[in-house]
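What follows is a single structure, written as structure tokens, with notes after it.
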Amino acid sequence: MQTTRQRNTPSRDIDAEIGRRAHMLMWDAKRKQGEVAEQIGIHSDSLSRKLKGTTGWAASELVAIAGVLGTSVSYLVGEAEDPHPGMGGGLRGSLPGLDSNQEPAG
């Protein structure tokens, strides 16, 4: 019987990066895998495979886990370096200044 080796493809690489970043955020926040899995609506075993990069992420799962972990999808996929945009970095610099009534300052 012949065994096949999994090759690192761009999609596997991005799945592994998403998993790495999500796992580090979970670790930093002391969030348990079972708790996070329940909050995003998947089984803990499935989340484990996703965090390891062996199973791909659906777009809806990315949005859900980003929300649960207080980050952005851009951070999870490696397009942004700030894991917590809106808390002193990230997109803030590109938004107009708002006053306490959420109206443009001026």
Calculated from backbone phi, Karplus (6.51, -1.76, 1.60) coupling profile of segment 20-25 in Hz, x at Gly/Pro: 4, 5, 4, 4, 5, 5
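Taking N as the number of residues in segment 10-94, what value does Rg over Cα atoms divided by 2.2 N^0.38 Å take? The partial results should precede the final answer.
Working: Rg = 12.3 Å, N = 85, 2.2 N^0.38 = 11.9 Å.
For segment 10-94, the normalised Cα radius of gyration is 1.03.
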Note, ³J(HN,Hα) from phi for segment 34-39, Karplus 6.51, -1.76, 1.60, rounded to Hz, x at Gly and Pro: x, 5, 5, 4, 4, 5
Whole-Hz ³J(HN,Hα) from phi, Karplus 6.51 cos²θ - 1.76 cosθ + 1.60, for segment 68-83, glycine and proline x: 5, 8, x, 10, 10, 4, 4, 5, 4, 8, x, 8, 9, 9, 8, x
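Each value in this text was obtained by applying a stated rule to the coordinates, not by laboratory testing. Note that the structure is a prediction, hence the values are computed from the model and not measured.
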